[in-house]
Amino acid sequence: MKLYGYWRSSSAWRVRLGLGLKGLDYDYVAVHLKNGEQLGDEHGARNPLHQVPVLELDDGTRLTQSLAILEWLEETHPEPALLPAAPLARARCRALAEIVNSGIQPVQNLSVLLAVQALGGDRMAWGRQAIQRGLEAMETHVSGLDTPFLCGEAPTLADILLVPQLYNARRFACDLSTVPTLTAVEARCEALPVFQAAHPSAQPDAF
Ligand SMILES: N[C@@H](CCC(=O)N[C@@H](CS)C(=O)NCC(=O)O)C(=O)O
């Protein structure tokens, strides 16, 4: 398998975590987002939305959208599970993941920030308020958590989405004192070798 990503892309980071937790090997191909490499025809042929991640399977099939890729990984490699077993717990776990996937990240994605800037807005303030609001909603859902990770005893989709988003929160100077449960879970995740290997600073295109 080949993963097209970018060291600081939170969506590509999610897929690195999923592959790592499932114990799967892959080749990493960097697409330089800051240089606009994703906007060219070559990457457009991989993903018409001109985004990373793209996961290319050995038969050439290309998968896009990090959550769809993670769900595909879960279905094809069920162990270790990235979702709890019980239907209600699965729905709750997916809801936490969706707070990041559809409630935060799309609002602070690079192309949106550039559009905000082009309209005369403050891109950092824009991103900061979206991340702060979303993370505080997530914190409310999980306050009083009695497990080490967001949905149980091991990392799941919710933790996979959380950790890269907290990294972005710091880049945007969010106030993380209001989300203590989330930062405590993050610390537990970051103690795990899989999370360390997937970190942006460990990627070959990091600068
Ligand atoms: N919903 C998509 C989001 C993908 C996405 O927003 N990727 C960003 C990096 S995190 C990107 O490629 N941005 C390039 C751009 O905005 O030009 C997913 O989860 O895969």
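How many residues are aliphatic (A, V, I, L, M) and open to solvent by 20 Å² or more (accessible area, probe 1.4 Å) if we restrict to the stretch 141-151?
Start the filter on the stretch 141-151 by keeping residues that are aliphatic (A, V, I, L, M), which leaves 142, 145, 150.
Still in the list and also open to solvent by 20 Å² or more (accessible area, probe 1.4 Å): 145.
Here the count works out to 1.
Among residues belonging to the stretch 121-151 that are of a type outside the set (S, T, N, Q) and part of a loop (DSSP other than H, G, I, E, B), point out the one that is nearest to TRP72 (Cα to Cα).
Residues of the stretch 121-151 that are of a type outside the set (S, T, N, Q), as a first pass: 121-128, 130-131, 133-139, 141-142, 144-146, 148-151.
After this cut, where a residue has to be part of a loop (DSSP other than H, G, I, E, B) as well, the list is 121-122, 144-146, 148, 150-151.
Values: GLY121: 38, ASP122: 37, GLY144: 31, LEU145: 28, ASP146: 29, PRO148: 25, LEU150: 21, CYS151: 19 Å.
Result: CYS151.
Matching residues to (1) hydroxyl-bearing (Ser, Thr, Tyr); (2) under 28 Å from THR156 (Cβ atoms):
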{"position": "LYS2", "(1), (2)": "no, yes"}
{"position": "SER9", "(1), (2)": "yes, yes"}
{"position": "LEU17", "(1), (2)": "no, yes"}
{"position": "LYS22", "(1), (2)": "no, yes"}
{"position": "VAL29", "(1), (2)": "no, yes"}
{"position": "ASN35", "(1), (2)": "no, no"}
{"position": "LEU39", "(1), (2)": "no, no"}
{"position": "HIS43", "(1), (2)": "no, no"}
{"position": "ASN47", "(1), (2)": "no, yes"}
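Pairs please, first residue from the stretch 113-128 and without any contact (Cβ under 8 Å) to a residue 40 or more places away in the chain, second anywhere and open to solvent by 70 Å² or more (accessible area, probe 1.4 Å), Cβ atoms under 6 Å, 6+ apart in sequence or on different chains.
The qualifying pairs are VAL116/TRP126; ARG123/GLN117.
Test PRO164 against the stated conditions and say whether it is open to solvent by less than 10 Å² (accessible area, probe 1.4 Å) and under 23 Å from ALA81 (Cα atoms).
Values: open to solvent by less than 10 Å² (accessible area, probe 1.4 Å): yes; under 23 Å from ALA81 (Cα atoms): yes.
Considered against the rule, which asks whether it is open to solvent by less than 10 Å² (accessible area, probe 1.4 Å) and under 23 Å from ALA81 (Cα atoms), PRO164 comes out as yes.
Which ranges mark the strands (runs of 3 or more DSSP E) fully within the stretch 27-80 that have 1 or more residues being surrounded by 12 or more Cβ atoms within 10 Å (Cβ to Cβ) and of a type in the set (Gly, Ala, Ser)? Please lay out each step first, then the result.
Values: elements: 27-30, 54-56, 62-64.
By residue number, 27-30.
Looking at (1) exposed (fewer than 13 other Cβ atoms within 10 Å of the Cβ); (2) of a type outside the set (Lys, Arg); (3) under 27 Å from ALA68 (Cβ atoms), which is the one condition that is false for ALA154?
(1)
Would you mind finding the one in LEU119, LEU96, LEU113, LEU135 that is more than 13 Å from the ligand (Cβ to nearest atom), more than 21 Å from VAL194 (Cβ to Cβ), outside the structural domain of TRP7 (by TED's automatic domain parsing) and surrounded by 12 or more Cβ atoms within 10 Å (Cβ to Cβ)? Give the derivation first.
On the way: LEU119 fails: surrounded by 12 or more Cβ atoms within 10 Å (Cβ to Cβ); LEU96 fails: more than 21 Å from VAL194 (Cβ to Cβ); LEU113 fails: more than 13 Å from the ligand (Cβ to nearest atom).
That would be LEU135, the only listed residue that is more than 13 Å from the ligand (Cβ to nearest atom), more than 21 Å from VAL194 (Cβ to Cβ), outside the structural domain of TRP7 (by TED's automatic domain parsing) and surrounded by 12 or more Cβ atoms within 10 Å (Cβ to Cβ).
How many residues are open to solvent by 40 Å² or more (accessible area, probe 1.4 Å) and among the aliphatic types (A, V, I, L, M) if we restrict to the stretch 99-109?
Selection size over the stretch 99-109: 1.
Conditions tested, residue by residue: (1) modelled with pLDDT under 95; (2) near the ligand (Cβ under 10 Å from one of its atoms); (3) touching a strand residue (DSSP E or B) at 6+ places or on another chain (Cβ under 8 Å).
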| residue | (1), (2), (3) |
| --- | --- |
| LEU3 | no, no, yes |
| SER9 | no, yes, no |
| VAL15 | no, yes, yes |
| LEU19 | no, no, yes |
| VAL31 | no, yes, yes |
| GLU42 | no, no, no |
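Is it the case that ALA154 is hydrophobic (A, V, I, L, M, F, W, C) and part of a helix (DSSP H, G or I)? If you could, list the steps in order and put the result at the bottom.
On the way: hydrophobic (A, V, I, L, M, F, W, C): yes; part of a helix (DSSP H, G or I): no.
Judged against the criteria, ALA154 is not a match.
The values are calculated or read from the model by the stated rules, or taken from the named source; none is laboratory data. Only a predicted model underlies this, so the values are computations on that prediction, with no experimental measurement involved. A quick note on method: Cβ atoms are made from the backbone with ideal geometry, for glycine too, and the neighbour counts reach across all protein chains shown. Just so you know, the surface numbers come from the protein's heavy atoms only, side chains and all, with ligands and any DNA or RNA stripped out. Shrake-Rupley method; radii C 1.70, N 1.55, O 1.52, S 1.80 Å.
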